[in-house]
Amino acid sequence: MTPPPPDEQSSAPHFRKNDADLLRTAQSILFAQERERIRALEAEIAARKDAEAEIAILKKQIERLEAKLIAAERAYEDKVLDLQTNVSILNYKNFGKSESLLSRLSPVFSRLIGQRIEEDREEMAKTFSPIMGQAIRTQIRNSRQDMIDALYPIIGSLVQRSVTETLREIQRNIDARLRQTSLTVARSLRARFRGVSQSELTLRDALPFSIRQLFLIQHGTGLVLSSHPAEETELSSGMIGGMLTAIREFARDSFGRGNTDTELDEIQYGNERIIIRSGQYAYLAVVIDGVEPGGFHAQLREFVSDLHLQYDAELRDYDGDPDSLPPLQPKLAQLSNSLTKGKKREPNPLSRAQKLVALFVGLGGVLLLGVACFYLQFTIALLPIAFPNPTATSTTTPTATATATVTPSFTPTATKTPLPTPTNTPTASPTATPTATHTPSPSPTFTPEHTPTNTASPTMTLTPSATPTPISAVMIGHVYALSEPRLFTPRTGLVFKGTAVTITAVYDTWANITWTDSFGVHHGWVLLKWIDLREAVPSYLITPTVVN
Amino acid sequence: MKTVQKKICLLGDFSVGKTSLIRQFVEERFEETYLSTIGVHMSRKRLERENHFLNFFIWDLAGGEDFDVIGPNYLRGAAGAIIVCDLTRQETLPALSLYARRMRAMNPEAALVFVGNKHDLVNDRVITDAMIQTEITPLADQFLLTSAKTGENVNRAFELLADQIEG
């Protein structure tokens, strides 16, 4: 606030008094506001101080709490450490080794699981079944060798049994085949007439086989679950079941040597045998007579296996009450049928008309065979008449020799002239005709250009050499005789090694021979190398060849 | 009527009369001659029950040491057993509980009937009722005195077993 000017103060004292009042009033008003503000500020300061004091107190409290917390944490950590130490000590003392833990717990688990299984077997099976496969796979992956060691006794035994059975099966098949003696065609026809397969008939004929009885028996109790044929009284089958079971138990105890995998699988008494195929809860005993066919054992095994798959619980829980069993008798009857008749579809038996047709065909065949036999006999009888003794054949040869003498001639025409058989003796008439085939052979080898110069020679063809004597020889190999003295000409017959032949002409390396066998006299050309010449070939038999 | 089948066993020391009891029960006869059972002997008997027939397949097992040799596998699946002692031979008494335990070990729910045989030999009797009761107490509370020779209580023993099996 600024003071009034000096002139105004001196001139108006009254005014000054009022002013002072006003001033005081104004001051009081102004100061009052300020005082209020100061009080407010002082109150605020006081409040802040209080707050700060409270904050300080709180801070102290927090610090104390933090200290407590830290102490608690430390105490907790100490306790945890103590506990861990104690646990370690306990582990070390009592369960330090996992084997120890397992050995302690396994009896407990075993009891628990055993009790549970006893209470509800089905439920336990359902519980375990989903993980069994995976568990086995995992175990195999993790410790293959352990699994092999564990399974070896079972697998080895199974394989051994399977191989043994297969070998027996093979042996039976071989025996069956060895016993087969009848002709295949006759057997086939017989099978068709009977309406059965050929193999069935063969087996039936060779190996008499029949099924006397089938028993399905529960393990342990020996109670007969079912039998076929169904008996009037169940007593005798029940006795058989009991005794069979007792015998099996006895055999296992006596000869099993603690091995539970091996079992009595066959009992023989005379011709009858009891074949036993065992399943988990029941076994099948089949009483047979004779030798069982191939596949018999496999069929039994399959039946028992299927039965257990289908009626697992019923077979296991059977307590003698027939109401608890499924209908097993039809299954046994079906098995019996399939074992005796086989599974293969039987061919339909021939109808009456078919049998008649077959009969007529058979009779016709027999008739034809008879006619053929008669014809053959007739032909053989007429053969000597149709083809007389070949003694005359030697006389035929001169025709060939005649040609030989003619050949000089370089004249084909001349060679033909001797063909006429005048030179031949009359006796040779039937066989002489073939000689004509010989004569042309030399001629083609000669070229016609020579002929003009020798045209006069034909007169020479009438030389007296027309009556030459053939020479004898022996074949030293099996050879085909040919119609001409060159390869790839038609064959006239086969001459066997050692056959006596007569050489009627020789041309180059070829000889014209004549020989006789049961069918008559034959002629033909063979190579000289196949003939054992007992004497030198006379020159008159040799046809000269042209040498250029 | 349907026919129910059951396997039962006759157990006891040798020569206590097991085979004789079975013969009396099945064939209703008795033979004085004694032939020791070798291994096992099988018999059958049909009982007429209230609404069905009951076929008993009776396994007569050799007693004494032979039983140990052959093995307890013959007991498997048996629905019950009659365990026999000879009232004239005290040494046959402990076999009652012995065979009972073996039977129960194989078939925990098997029915058991205890029998003191040769009751007809009154003057030779050495085993008292109290002794039998003491021997079988943990396993059963009653027993029968039988005579295979006279047929006394023989059928009753088998019927009692049938009752227990089907009870």
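The values are calculated or read from the model by the stated rules, or taken from the named source; none is laboratory data. Note that the structure is predicted; figures quoted are calculated from it, not measured. In this analysis, Cβ positions are derived from the backbone assuming ideal geometry, glycine residues included, and neighbour counts consider all displayed protein chains.
Considering only residues that are assigned to a loop (DSSP other than H, G, I, E, B) and closer than 30 Å to A:Asp253 by Cα, look in region B:34-54 and name the one that is nearest to the other protein chains (Cβ to nearest Cβ).
Just the residues of region B:34-54 that are assigned to a loop (DSSP other than H, G, I, E, B), to begin with: B:34-39, B:49-52.
Still in the running and closer than 30 Å to A:Asp253 by Cα: B:34-39.
Values: B:Tyr34: 22, B:Leu35: 18, B:Ser36: 16, B:Thr37: 12, B:Ile38: 10, B:Gly39: 6 Å.
Only one residue tops the list, namely B:Gly39.
Taking the conditions exactly as written (of a type outside the set (S, T, N, Q), loosely packed, with under 15 Cβ neighbours inside 10 Å and not in a strand (DSSP E or B)), does A:Asp289 satisfy them or not? For A:Asp289, the condition - of a type outside the set (S, T, N, Q), loosely packed, with under 15 Cβ neighbours inside 10 Å and not in a strand (DSSP E or B) - is not met.
Counting just the residues of region A:459-477 that are modelled with pLDDT under 85 and not in a helix (DSSP H, G or I), which one comes out farthest from A:Asp532 (Cα to Cα)? Once the filter is applied, the top-ranked residue is A:Thr463.
Residue count for region A:98-136 satisfying the condition of being among the basic types (Lys, Arg) and farther than 28 Å from A:Tyr311 by Cα: 2. With respect to being surrounded by fewer than 19 Cβ atoms within 10 Å (Cβ to Cβ), in a loop (DSSP other than H, G, I, E, B), under 13 Å from the mean Cα position of the chain (by Cα) and not basic (Lys, Arg), B:Ser15 fits the description. A count restricted to region B:106-149 and to residues that are outside any helix (DSSP H, G or I) and of a type in the set (Asp, Glu) stands at 3.
Of the set (1) free of Cβ contacts under 8 Å to residues at least 12 places away in the same chain; (2) in contact with a Leu (Cβ under 6 Å, 6 or more places away or on another chain), all apply to B:Arg44 but (1). A search for C-beta distances below 8 Å between a residue of region A:514-538 that is closer than 30 Å to A:Leu382 by Cα and any residue that is surrounded by 16 or more Cβ atoms within 10 Å (Cβ to Cβ) and acidic (Asp, Glu), counting only pairs 6+ apart in sequence or on different chains, returns A:Trp525/A:Glu484. The condition (being more than 14 Å from A:Ala481 (Cα to Cα) and assigned by TED's automatic domain parsing to the domain that holds A:Ile476) is satisfied by just one residue among A:Phe519, A:Phe496: A:Phe519.
Contact map, region A:226-251: first residue surrounded by fewer than 22 Cβ atoms within 10 Å (Cβ to Cβ), second residue modelled with pLDDT under 85 and of a type in the set (Ser, Thr, Tyr), Cβ cut-off under 6 Å, separation 6 or more or different chains; pairs are A:Glu231/A:Ser237.
May I ask you to verify whether A:Lys68 is basic (Lys, Arg) and modelled with pLDDT of 90 or more? Steps first, please.
On the way: basic (Lys, Arg): yes; modelled with pLDDT of 90 or more: yes.
Yes; evaluated as a whole, the condition is true for this residue.
Within region A:92-114, at least one residue is at pLDDT 80 or above, surrounded by 10 or more Cβ atoms within 10 Å (Cβ to Cβ) and of a type in the set (A, V, I, L, M).
Among the residues of this structure, B:Leu10 does not count as one that is touching a residue at least 60 places away in the same chain (Cβ under 8 Å), closer than 16 Å to B:Ala79 by Cβ, within 9 Å of another protein chain (Cβ to nearest Cβ) and in a strand (DSSP E or B).
Tell me yes or no: at least one residue of region B:63-76 is of a type in the set (Val, Ile, Thr) and either in a strand (DSSP E or B) or at positive phi (or both). No; the residues of region B:63-76 include none that is of a type in the set (Val, Ile, Thr) and either in a strand (DSSP E or B) or at positive phi (or both). Under 20 Å from A:Ser162 (Cα atoms), of a type outside the set (Val, Ile, Thr) and modelled with pLDDT under 90: does that describe A:Leu235? When the stated conditions are applied, A:Leu235 does not pass them.
Residues that are within 14 Å of chain A (Cβ to nearest Cβ), surrounded by fewer than 24 Cβ atoms within 10 Å (Cβ to Cβ) and closer than 30 Å to A:Gly320 by Cα: does region B:83-100 have at least one? No, because not a single residue in region B:83-100 is within 14 Å of chain A (Cβ to nearest Cβ), surrounded by fewer than 24 Cβ atoms within 10 Å (Cβ to Cβ) and closer than 30 Å to A:Gly320 by Cα.
Candidates are the residues of region A:313-329 that are at the interface with another protein chain (Cβ under 10 Å from one of its Cβ atoms) and among the charged types (D, E, K, R); the one that is surrounded by the fewest Cβ atoms within 10 Å (Cβ to Cβ) is A:Asp323.
Can we say B:Lys2 is at pLDDT 90 or above and of a type in the set (Lys, Arg)? Spell out how you get there, then give the answer.
Details: at pLDDT 90 or above: no; of a type in the set (Lys, Arg): yes.
Answer is no for this residue.
Scanning region B:35-56 for residues being within 18 Å of B:Thr19 (Cα to Cα) and among the aromatic types (Phe, Trp, Tyr) gives a total of 1.
Checking A:Thr516, A:Thr545 one by one, the residue that is at pLDDT below 90 and loosely packed, with under 13 Cβ neighbours inside 10 Å is A:Thr545 and no other.
Taking residues in region A:117-137 that are closer than 22 Å to A:Arg316 by Cβ, and partners anywhere that are of a type in the set (D, E, K, R) and in a helix (DSSP H, G or I), the pairs with Cβ atoms closer than 6 Å and at least 6 places apart or on different chains are A:Met124/A:Arg116.
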